[in-house]
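Have a look at the structure below before the remarks.
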Amino acid sequence: MSLRNLKTATGTATVIVREDNTIALANREFERLLGYSRAEIVGVKTWIDFVEAEGLAKVEGFCRLPQKSDNGSRPAGMEFRMINRAGNTIHVLANTALIPSTREAVISLLDISERKKMEEALHESEALYHHFFQSSVAGTFRTVYDAAGKSGWHMDCNDAHARILGYASRQELLDHSLRDSFFNDDDLTAYTNDLQEKRTITNYQFLLRKKDGSPVHVLLNATMHDYKQGLMLVEGTMVDISDWVAAEKKLLDINENLRTLTSELVMTEERERRRIASDLHDHIGQTLALTRIKLDSLAEQAGRCGLEEPLRKIQDMVNQSIQQIRSLMSELSPYVLYELGFTSAIEWLSEQIEEQHGLKIHISDDLKNRPIDEEAQILMFRATRELLLNVVKHAGAKQAWIAIQNQGDNIRIVVRDDGAGFDTSGIGKMTNRTGGFGLMSIRERLNYLGGLFEIESEKGGGSCVTIVAPRHKRKKRKGK
């Protein structure tokens, strides 16, 4: 095959040009690339007629015929842009070679437009990633660790990351040992072990050391990739949550204080109730009892004076007052709670409500005489009483069930009835107009003491209320 036939048949866009750059021969790929027929270009146009104007200066040296004196100094290939018949830009990679014993040269043109598009897209993606990486308000980082996770260093980070760790700029931080500066040994080992196992970790909380040694709490998200030479590459983000941690500690302290105040309030209220009940018993109760004795003595003589009937009415009024005082003392401070214990007090309470209101109450108990702090007994007794009174007042129930259960360190009471039920969405509006304990008061006091209050009810389906409280006062947190 002749040289001309070979160049015409090759799969690369190829032209043979004369010394003045006129096209002497073009193959079909050249025609397809630029959209011209050979008749329109061979002997008519130079090959640089198709070069984009901005690239003419660039290809000026490339245009002349290769010389033996070049000694390899000419570029092996050159990239520039050409314009096809439709006016579209085509990126090409050109190579040229002298045809021996002639004043002609071969120029081959490879269409690299798609490659250039991919390169531009990659460049834009890298620029976008770099912009996000550097401008993120969160600390962003790329770190490298050895395969054992024993040591690591920063490959890259943004200024926000550097500031979190107490450095003025990212440049100051780069190539800094992670073990020496930021992590405790155990924390670094645990961190890298988790990464190796899960490959991605989210919302990972750390206590790190800043450059000056001061602590900083951070929330970290990271992903691990296999890197060269057995190393591990970790990319992630970090946020300084020191203010959040401080606020959380402050909130815990406030809750701790609220629990303490609530406990003191419950006990102070109970002491005052017991004092009032004792005063009622020792003074008014004793006075009424003595009055009844005197009236009984007078009753023996009343018949002779015609005062028997009026005296009997006075006796009835005194007896009624004594019963009312006893009932009031029981409501203020039920003696059975202190003398016989919690379960017996609940049984006594159930008997009183059944006798007074006709509500049949069933009790189950698996507390098994486990000890309960006085504070918990008082709170749970009064809560149970309030729940039963609510059943009497609002449920229209015939029966109720009380389950007293041991639940680890807690006491759990479930009060259930067969009444009308109610819409639980309105419970926040159910204040007790009589000034009693109230459902919302029960919930708030239980919450402050670390307990639980839950209601399940629907209209026509009865109600079920669960209350849970710790059996013993919880220890204060360290540092208090």
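The values are calculated or read from the model by the stated rules, or taken from the named source; none is laboratory data. The structure presented is a predicted model; accordingly, all values stated were derived computationally and were not measured. As a convention, Cβ positions derive from the backbone with ideal geometry for all residues, glycine included, and neighbour counts pool all protein chains shown. Heavy atoms of the whole protein, side chains included, go into the accessibility calculation; ligands, DNA and RNA do not. Shrake-Rupley method; radii C 1.70, N 1.55, O 1.52, S 1.80 Å.
Given their separation in residues at 0.36 nm each and the Cα-Cα distance between them, Lys368 and Ala289 gain 24.5 nm when the chain is fully extended.
Met238 contributes about 10 Å² of solvent-accessible surface, heavy atoms of the protein only, 1.4 Å probe.
What does the charge add up to near Ile442, with Lys and Arg as +1, Asp and Glu as -1, over the other residues with Cβ less than 13 Å from its Cβ?
Numbers: positive: Arg382, Arg385, Arg443, Arg445; negative: Glu386, Glu444, Glu454.
My count for the surroundings of Ile442 gives +1.
Here the 3J(HN,Hα) profile of the stretch 16-30, calculated from phi with Karplus coefficients 6.51, -1.76 and 1.60 at θ = phi - 60°, is 10, 10, 8, 5, 8, 6, 5, 6, 8, 7, 9, 8, 5, 5, 5 Hz, Gly and Pro shown as x. Here the stretch 190-327 exposes an accessible surface that is 54 percent carbon and sulfur, computed with a 1.4 Å probe and the other protein chains kept in place. In straight-distance terms, cross-link reach from Lys249 covers every one of the aspartates and glutamates whose alpha-carbon lies under 20 Å from its own, apart from those fewer than eight places away in the same chain; here that gives Asp240. Phi angles across the stretch 232-244 convert, under the Karplus curve 6.51 cos²θ - 1.76 cosθ + 1.60 with θ = phi - 60°, into 3J(HN,Hα) values of 10, 9, 10, 10, x, 10, 9, 10, 6, 10, 4, 5, 5 Hz, Gly and Pro given as x. Accessible surface of Ser297, taken over heavy atoms with a 1.4 Å probe and every protein chain present, rounds to 60 Å². In this simple spin-label model, placing a label point 7 Å from the Cα along the Cα-to-Cβ direction at both Gln134 and Asp409 gives a separation of 5.3 nm.
Taking a Cβ cut-off of under 10 Å around Thr143, the surrounding Lys, Arg, Asp and Glu residues balance to a net charge of -1, with basic ones at +1 and acidic ones at -1. Within the stretch 223-251, which residues have the backbone N less than 19 Å from the label spot 7 Å out from Asn257 along Cα→beta-carbon, could you tell me? Within reach of a label on Asn257: 244-251.
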